[in-house]
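In what follows, a single structure is set out as structure tokens and then discussed.
The values are calculated or read from the model by the stated rules, or taken from the named source; none is laboratory data. All of these numbers come straight from a predicted model, not from anything done at the bench. Neighbour counts run over all protein chains shown; Cβ positions are idealised from the backbone, glycine included. Just the protein is used for accessible areas: all its heavy atoms, side chains included, with ligands, DNA and RNA removed. Shrake-Rupley method; radii C 1.70, N 1.55, O 1.52, S 1.80 Å.
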Amino acid sequence: MWPSMCCNSRVLTDFRKGPLIVKVLVSVKRVVDPNVKVGVKSDGSGVDIGNVKMSMNPFDEIAVEEAVRLKEAGVATEVIAVSVGVSQAQETLRTALAIGADRAVLVESGEVPEPLGVAKILKALVDREQPSLVILGKQAIDDDSNQTGQMLAALADLPQATFASKIVVADGAATVSREVDGGSETLSIRLPAVVTTDLRLNEPRYVTLPNIMKAKKKPLDTIKPADLGVDVTPRLKTLKVAEPARRSAGVKVPDVQTLVEKLKTEAKVI
Ligand code: AMP
């Protein structure tokens, strides 16, 4: 143990150097690339993602960036990226490693589990890895659930701060600014804790070729949900997926006066 240091397994406090957190666990979901336009399968059973470009969920890129910044600032010592899903999620994890995560864990399942299944898996990994901080995206852009972080915090009985736009770690606590209606709220939560990221938290770095090459050599373990004792049998049944209603075409107006006239007489909004 370092001199003048008191510790539990998750938070070390060096009384000469200030606080340190040990591990940051960060979750990354493989989703359809945000620039790709997807369509619904002809039988209405789901969204057709065959042969479309997949990427890391944008909120998770922000989560990895924040974890790596904590490490670069000397606040955290290790960043572990986790993904739950099909074997191709390894590529997503390699991206997290190229951003700067130290190692990765793929929990491979045939289908991507529902948020509750993912939260149970993350809870099992929290028990195994004992991180000081778990950072997730506020939502996955494919299911828009915004549930996993909150469910994980409940299952693991950890404090949570969602929609973070700023995170400061000091003295065994995280001070988190979060965007709320009409302003910003600042919370202090004891570590270990769960934080979910909002868009304004940071701007993720570009991944460089040398770092992509380095990432290939970093450790990536693959396990199954059963290895963690987690049952991810779905609890929800999708009844139907439909395209949004098509918007009718707009009209061009020759001048402002006609526009105002139309807003008054046709749209009746002024
Ligand atoms: P959701 O609750 O589905 O909107 O997802 C919120 C966050 O939970 C995401 O931004 C990810 O950080 C995490 N998450 C959800 N599903 C997965 C998954 N299959 N693998 C890894 N992380 C996930």
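Highest mean first, the peptides 49-56, 155-162 sorted by other C-beta atoms within 10 Å per residue fall in the order 155-162, 49-56.
Charge dipole of the chain (Cα centre as origin; +1 on each Lys and Arg Cβ, -1 on each Asp and Glu Cβ, all else neutral): 300 debye, rounded to the nearest 20. Straight-line cross-link partners of LYS262 among the lysines, defined as a Cα under 24 Å from its Cα and at least 8 positions apart when in the same chain: LYS252.
With every protein chain present, what is the per residue accessible area of the chain (1.4 Å probe, Å²)? List each step's numbers first, then the result.
Working: 15270 Å² over 270 residues.
Counting only protein heavy atoms, the per-residue value for the chain is 57 Å².
Estimated at 0.36 nm per residue, the fully extended path between THR258 and ALA170 surpasses their Cα-Cα distance by 25.7 nm. The fraction of accessible area contributed by carbon and sulfur in the chain is 52 percent, rounded to a whole number (1.4 Å probe; ligands and nucleic acids excluded). Taking 0.36 nm per residue of separation and subtracting the Cα-Cα distance, full extension of the segment from TYR206 to ALA154 would add 15.3 nm. Just checking the listed ones, VAL79, VAL230, VAL260: in the Gaussian network model of the chain with Cα springs under 10 Å, the one fluctuating most is VAL260.
Largest GNM mean-square fluctuation across VAL169, VAL256, VAL207, computed for the chain with C-alpha springs under 10 Å, falls on VAL256. Filter LYS23/LYS217; LYS71/LYS166; LYS41/LYS123 down to the pairs with a C-alpha to C-alpha distance above 25 Å, please. Those over the limit are LYS41/LYS123.
Cα gyration tensor of the chain, axes a ≥ b ≥ c as square roots of the eigenvalues: rounded (a/c below 1.5), prolate (a/b > b/c) or oblate?
Details: a/c = 2.09, a/b = 1.55, b/c = 1.35.
Verdict is prolate for the chain.
Taking all protein chains as shown and a probe of 1.4 angstrom, GLU78 keeps an accessible surface of around 40 Å². For the chain, modelled as a Gaussian network with Cα springs under 10 Å, which listed residue fluctuates most, THR148, THR238, THR186? In this elastic network of the chain, the residue with the biggest mean-square fluctuation among THR148, THR238, THR186 is THR238.
Can you give the net charge of the other residues whose Cβ lies under 11 Å from the Cβ of ALA215, counting K and R as +1 and D and E as -1?
Numbers: positive: ARG94, ARG103, LYS214, LYS216, LYS217, LYS218; negative: GLU91, ASP102.
After counting each charged neighbour, the total is +4.
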